[in-house]
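*Asks:* The structure is given below, and queries will be raised subsequently.
The values are calculated or read from the model by the stated rules, or taken from the named source; none is laboratory data. Keep in mind the model is a prediction, meaning the values are calculated, not measured. Here the Cβ positions follow ideal geometry from the backbone for every residue, glycine too, while neighbour counts run over all protein chains shown. Ligands, DNA and RNA are excluded from the accessible area calculation, which covers all protein heavy atoms including side chains. Shrake-Rupley method; radii C 1.70, N 1.55, O 1.52, S 1.80 Å.
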Amino acid sequence: MAKKEILTDYWVRDLLKEAGLELDSQGSQIKEINDALKTASKNGTGKVGFPEFVGVVKDFLIVIEDKADLAKHIKLNKENLISQEIKDIKDFAINGALFYGKHLAKNTTYKKILAFGISGNEKKHRISPLYIDETEFYRELPDVESFISFNQKNINEYYIREILKEETDQEKTTAEILKDAQILHEDLRNYASLKTADKPLLVSGILLALKEIEHKNFSIDNLTGDSIKTDGQKIYEAILACLERSKVSPDVKKDKIINQFNLFKDLKILNEKNLKLGETPLKHFTKFLNEKIFKSIKYNSSSEDYLGRFYGEFMSYSGGDGQQLGIVLTPKHITELFCELAELKSTDIVLDPCCGTGGFLVASMHNMLKNLEEMKEEMKESIYVDEQRKIKQERLHGIELEPYMFTIATTNMILRGDGKSNLMNENFLTLNLSKLKNATVGMINPPYSQGSKKDPELYEINFISHLLDSLTEGGRCIAIVPQSTMIGKTKEEQAVKENILKKHTLEGVITLNKDTFYGVGTMPCIAVFTAKRPHIKDKECKFINFENDGYKVAKHIGLIETEQAKDKKQHLLDIWFDRIETETKFCVKTTVESSDEWLHSFYYFNDEIPLNEEFEKTIGDYLTFEFSMIMQNREYLFEEKSDENE
């Protein structure tokens, strides 16, 4: 048992190291804590006692007790509280952690203590945090899989969300976006007569015009409602200037975008002063968007696709959820996860062939620039600046079929200062692959439920196949699609799956939270492939159940991140990159056939060995059932049947 305890200590130490936590073992370098531990014997003798690990992160004191045996995780008393009997404190992880946490709360000046009871090993374990304050009151918190939420960067956010149960800045931002979208929708309805498809174009055009303010080529104050040179004409000219300045080319592409913005000049109702507003609707919309949206995009370096997020919320007020316009946007946490699964490098060339508002490209740009920043000290300033330029102008490529979505994506990338010259308004499935420039990473969220026996090329699996054929050898392809895509319900889809394995390698499939596309009603998964390397028959793929991802649906808001999300994602990445082992209920590693359903639910088997208590309960349940049946004169149910053929 001592050897197992040591292995558990080593595993916990590695978890701490991975999360960036430096805690002391068997004592503390902090005098106040070390002095308090001199009287912390679990026997209650007032002698010395040390937890496995102890330390401080910001103003939080962290204490850890671990046990190798999962059965020694927690012991409750008759009141269903954590027992503080001496024997239980010594024998059980959580009980010991609570003892040390309360002792340190009483004998130090630390007022916020997180005590962890940990049991098991790398593959099968429980990590249970408790929060203890200066009153020695404790609160049991949800189990975690890592310590990522408790490092310098994340611990305050964990405290706000999980302990104080207050909104974080991100949740407030979500609520604000919702509110702004609703206000703008009502104003568009009250002061303009626009078709549904024109509403996002109006927003795009105004945002491009606002970008000209920094060049003193546009002013909101100049929108005076003049009948000779209308506000719409002034905004239109500012859009033209912005497209010229952003070097959108070729001309045919620029003309396609410009034609989308004719509505500024053509719609009379937008350019006449509204008596209630005291100004033209265009000036009213421009002032609103400048304050609520443009400044957020301009001054924030986040990977958040603000424009896409705004459109997604905005379109939900225009009937349905925007699906009639093809706006089924990929959430930010998924676009970021794609970058991490692809192990994106600053030198990669990224292709999104169904780019929508450009969410994957925005996330990729943010991730690549961040990776470059980490290498800045190792390169000359001139090389660093040139690499930044190459990321923005040469390494991000998008294709979008719908003209209005193409215009939105172009606007998004111009506002981000990059990538606009590499967006194409084309049909990806009919595009000559020689037009694509050696992409090393493909990311795709294809149109859903468009394929049929009549139009088999529109099945989601066909988009994946075409993207794989578009990448360089060894390129990484990541797709988010309905789970049915990985099943292959039709002969046509089965044939594509078979063909994919002949030419490319399936790395694995991650089953996602059913609410990932909240309101759309799709059960999604992420599939990861390596391009142009045939699938080897004995290749082991990973099939992961990531339905419990730490995101939940909040009333009137939609899908929001809980504090457990960071921890859940860290665990997923640790499993995906073989840093740790886990149980089959989370990940199954197996060989595959093209005829298989490429999902965790298809390959899952229960590899858990029942605990003695579970075995005894099952036997007890059976005996109770047998006794009950006998008392009802139904003992014949338990009689062995003879073989009639004997």
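*Asks:* Of everything in segment 144-153, what is within 27 Å of residue 7 (Cα to Cα) and either among the small types (Gly, Ala, Ser) or not in a helix (DSSP H, G or I) (or both)? Give them in sequence order.
*Replies:* Across segment 144-153, the qualifying residues are 144, 145, 146, 147, 149, 151, 152.
*Asks:* Quick check on my filter: what residues within segment 445-463 are within 18 Å of residue 358 (Cα to Cα) and among the hydrophobic types (A, V, I, L, M, F, W, C)?
*Replies:* 463
*Asks:* Give the number of residues within segment 20-35 that are open to solvent by 80 Å² or more (accessible area, probe 1.4 Å) and closer than 24 Å to residue 71 by Cα.
*Replies:* 1
*Asks:* Can you list residue pairs whose Cβ atoms sit under 8 Å apart, with the first residue in segment 350-365 being touching a residue at least 40 places away in the same chain (Cβ under 8 Å) and farther than 13 Å from residue 441 by Cα and the second being part of a loop (DSSP other than H, G, I, E, B) and basic (Lys, Arg)? Count only pairs 6 or more apart in sequence or on different chains.
*Replies:* Going by the 8 Å Cβ cut-off, the qualifying pairs are 362/416.
*Asks:* To continue, here is another question. Taking the conditions exactly as written (buried (at least 19 other Cβ atoms within 10 Å of the Cβ), touching a Lys or Arg at 6+ places or on another chain (Cβ under 8 Å) and among the small types (Gly, Ala, Ser)), does residue 479 satisfy them or not?
*Replies:* In short, no.
*Asks:* While we're on this one: Take the residues in segment 335-381 that are part of a helix (DSSP H, G or I) and among the polar types (S, T, N, Q), then tell me which one is surrounded by the fewest Cβ atoms within 10 Å (Cβ to Cβ).
*Replies:* Filtering first and then ranking leaves 371.
*Asks:* Which of the residues that make up segment 105-125 are at pLDDT 95 or above and aliphatic (A, V, I, L, M)?
*Replies:* 113, 114, 115, 118 - these are the residues of segment 105-125 that are at pLDDT 95 or above and aliphatic (A, V, I, L, M).
*Asks:* While we're on this one: Within segment 218-238, identify whether any single residue is of a type in the set (Lys, Arg), more than 21 Å from residue 277 (Cβ to Cβ) and either open to solvent by 40 Å² or more (accessible area, probe 1.4 Å) or in contact with an Asp or Glu (Cβ under 9 Å, 6 or more places away or on another chain) (or both), and answer yes or no.
*Replies:* The answer is no, given that none of the residues of segment 218-238 is of a type in the set (Lys, Arg), more than 21 Å from residue 277 (Cβ to Cβ) and either open to solvent by 40 Å² or more (accessible area, probe 1.4 Å) or in contact with an Asp or Glu (Cβ under 9 Å, 6 or more places away or on another chain) (or both).
*Asks:* A follow-up question, please. When you scan segment 49-143 for strands (runs of 3 or more DSSP E) that lie fully inside it, which ones turn up with 1 or more residues that are open to solvent by less than 10 Å² (accessible area, probe 1.4 Å) and in contact with a Lys or Arg (Cβ under 7 Å, 6 or more places away or on another chain)?
*Replies:* Hits in segment 49-143: 60-67, 112-120, 125-133.
*Asks:* Right, next: Go through segment 242-276 residue by residue and tally those that are small (Gly, Ala, Ser) and open to solvent by 20 Å² or more (accessible area, probe 1.4 Å).
*Replies:* 1
*Asks:* Same structure again: Output the residue which, of all residues in segment 610-646 that are over 52 Å from the mean Cα position of the chain (by Cα) and hydroxyl-bearing (Ser, Thr, Tyr), is modelled with the lowest pLDDT.
*Replies:* 642
*Asks:* Search segment 399-413 for residues that are open to solvent by 10 Å² or more (accessible area, probe 1.4 Å) and pair each with any residue that is assigned to a strand (DSSP E or B) when their beta-carbon atoms are under 8 Å apart and the residues are at least 6 apart or on different chains.
*Replies:* Going by the 8 Å Cβ cut-off, the qualifying pairs are 400/423; 400/424.
*Asks:* Looking at 17, 38 in this structure, which one is within 24 Å of residue 125 (Cβ to Cβ), at pLDDT below 95, surrounded by fewer than 15 Cβ atoms within 10 Å (Cβ to Cβ) and among the basic types (Lys, Arg)?
*Replies:* After applying the criteria, what remains is 17.
*Asks:* So, residue 188, is that one within 16 Å of residue 285 (Cα to Cα), in contact with a Ser or Thr (Cβ under 7 Å, 6 or more places away or on another chain) and part of a helix (DSSP H, G or I) or not?
*Replies:* When the stated conditions are applied, residue 188 does not pass them.
*Asks:* Here's something else I'd like to know. Do we have residue 527 as open to solvent by less than 50 Å² (accessible area, probe 1.4 Å), at pLDDT 95 or above, of a type in the set (A, V, I, L, M) and farther than 27 Å from residue 146 by Cβ here?
*Replies:* no
*Asks:* Could you pull out every one of the strands (runs of 3 or more DSSP E) wholly within segment 533-609 that has 2 or more residues that are under 20 Å from the mean Cα position of the chain (by Cα) and under 30 Å from residue 440 (Cβ atoms)?
*Replies:* 541-546
*Asks:* Can you pull out the residues in segment 178-213 that are under 16 Å from residue 295 (Cβ atoms) and at pLDDT 90 or above?
*Replies:* Once the filter is applied, which keeps residues that are under 16 Å from residue 295 (Cβ atoms) and at pLDDT 90 or above, segment 178-213 yields 206, 207, 208, 209, 210, 211, 212, 213.
*Asks:* While we're looking at this one, here's another question. Inside segment 387-419, can you point out the residues that are at pLDDT 85 or above and among the aromatic types (Phe, Trp, Tyr)?
*Replies:* The answer is 406, and nothing else.
*Asks:* Can you name the residue in segment 193-212 that is open to solvent by 10 Å² or more (accessible area, probe 1.4 Å) and in contact (Cβ under 8 Å) with a residue 40 or more places away in the chain and, of all such residues, is nearest to residue 259 (Cα to Cα)?
*Replies:* The qualifying residue nearest to residue 259 (Cα to Cα) is 198.
*Asks:* If you don't mind, another one. Name the residue that is modelled with the highest pLDDT, counting only residues in segment 420-444 that are of a type in the set (Lys, Arg) and either farther than 15 Å from residue 358 by Cβ or assigned to a loop (DSSP other than H, G, I, E, B) (or both).
*Replies:* The residue in question is 437.
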